[in-house]
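The values are calculated or read from the model by the stated rules, or taken from the named source; none is laboratory data. What you are looking at is a predicted structure, and each value in this text was computed from that prediction instead of being measured. Cβ placement follows ideal geometry from the backbone for every residue including glycine, while neighbour counts extend to all protein chains displayed.
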Amino acid sequence: MAWTKYQLFLAGLMLTTGSINTLSAKWADMFSAKGCHDVPEHGFSHPFVQAVGMFLGEFSCLAVFYILVCHDRRSPEPKMTASQSFNPLLFFPPAMCDMTATSIMYVALNMTSASSFQMLRGAVIIFTGLLSVAFLGRRLLRSQWIGIVITILGLVIVGLADFVSGHSDDTHKLSDVITGKICGRGLFTEVLQAPLTGTPFFRPAGDLLIIMAQIIVSVQMVLEEKFVYKHDVHPLRAVGIEGLFGFVVLSLLLIPMYFIHVGGFSDNPRHVLEDAIDAFCQIGNKPLIVLALLGNTVSIAFFNFAGISVTKEISATTRMVLDSLRTLVIWAVSLALGWESFHGLQVLGFLVLLLGTGLYNGLHRPLLARIPGCAVCLEEESSGAERERLLREEVPAGEDT
């Protein structure tokens, strides 16, 4: 069945905005500028400020939701409603998980490449699967268990690729990696060709933080399924409310973060957990940073809208495939801009992760259904999965970063 122009637009929008979301965040990390009170030029290392911008983008999904509601009311048979009765505080626990995980991932993005960042986020299916078995009583299919094992193997390969990459690029000091200070020939040389690898331990440490963040993301997903989406709240509205909570709480937390000294664990001049004032001073001294931050904020809103629309208009399987292509686009752009070097192990890791994710999400079913010997097994597996789905009364969840 051929896709309509609108479906093609949605697929392209999801792929484009999803890629821009990670690339713009990494681009912001690679800037360097002077700080407040004539502080010497240093790298833009403000992960918590970036996370606030991301939550602002999620919060804007509420505006998108109400626009869609107004548009739906004009149709002969309205299907959307903005008046479901539910307690908004149900969204607070998953929003706090989202806030914590997002902040950790932005810290990690300072330490590793954009492609590894995106690939390693595939670890979420491991922890989501295990937690759903433990706390939701879900029964995973044999193919899903195999997918989890293959995903673990893929993560090991990607981590090994980063470890090897760290050893192969020992000409740059760790301070150069953190600040992004290298000799260049102007703005684009400085921004687009800054090295992403440092000491042998630097990138794997970032990879470990990403894996840790996925544990928190999986807790968020389980909470959303158990307490939130059973109330039949529209995903865009759910994302918007979580964005509101995350934006308000993290914005308030920037105040104590300004006074918490963490020594060498922070790269801002005062060595505090987050120096928001320094971030704004750097933005004032180099306004191009705003473009990167806006790219992250705006893209997350359109990415959520496009992802939910793709699930509705095409299928959840298509959404998963597009998300895998998103990783490929980020990788290709990073290589083209010279942000990272090509490593064969990373190719192998990506393919293994893709296989594991495909098995977990059931992409193998249409292919095996055509083989007579496998059709019966798939039918039994599918009937078991359908019974499990009806018992849980699942509602599709919203997207995140």
Subject >> Cβ-Cβ under 7 Å pairs, at least 6 apart or on other chains, the range 117-133 side aromatic (Phe, Trp, Tyr) and crowded, with 19+ Cβ neighbours inside 10 Å, far side modelled with pLDDT of 85 or more and in a helix (DSSP H, G or I) >> reply: PHE117/THR22; PHE117/ALA108; PHE117/LEU109; PHE117/ILE210; PHE127/GLN214; PHE127/ILE215; PHE127/SER218
Original post:
Given (1) more than 20 Å from the chain's Cα centre (by Cα); (2) closer than 22 Å to PHE303 by Cβ; (3) of a type outside the set (Phe, Trp, Tyr), where does SER24 come up short, assuming only one miss?
Top reply: (1)
Subject >> Meets criteria (within 23 Å of HIS343 (Cα to Cα), under 24 Å from the mean Cα position of the chain (by Cα) and either of a type in the set (Lys, Arg) or at pLDDT 70 or above (or both)) for LEU236 >> reply: no
Original post:
Can you pull out the residues in the range 1-52 that are small (Gly, Ala, Ser) and under 23 Å from VAL329 (Cα atoms)?
Top reply: ALA11, GLY12, GLY18, SER19, SER24, ALA25, ALA28, ALA51
Subject >> Within the range 293-382, helices (runs of 4 or more DSSP H) holding 3 or more residues that are within 25 Å of LEU153 (Cα to Cα), under 16 Å from the mean Cα position of the chain (by Cα) and modelled with pLDDT under 85 >> reply: 316-336
Original post:
Of the conditions (1) touching a His at 6+ places or on another chain (Cβ under 8 Å); (2) aliphatic (A, V, I, L, M); (3) surrounded by fewer than 22 Cβ atoms within 10 Å (Cβ to Cβ), VAL298 fails just one. Which one is it?
Top reply: (1)
Original post:
Does the range 92-121 hold any residues that are more than 20 Å from VAL239 (Cα to Cα) and part of a helix (DSSP H, G or I), and which are they?
Top reply: VAL107, ALA108, LEU109, ALA114, SER115, SER116, PHE117, GLN118, MET119, LEU120
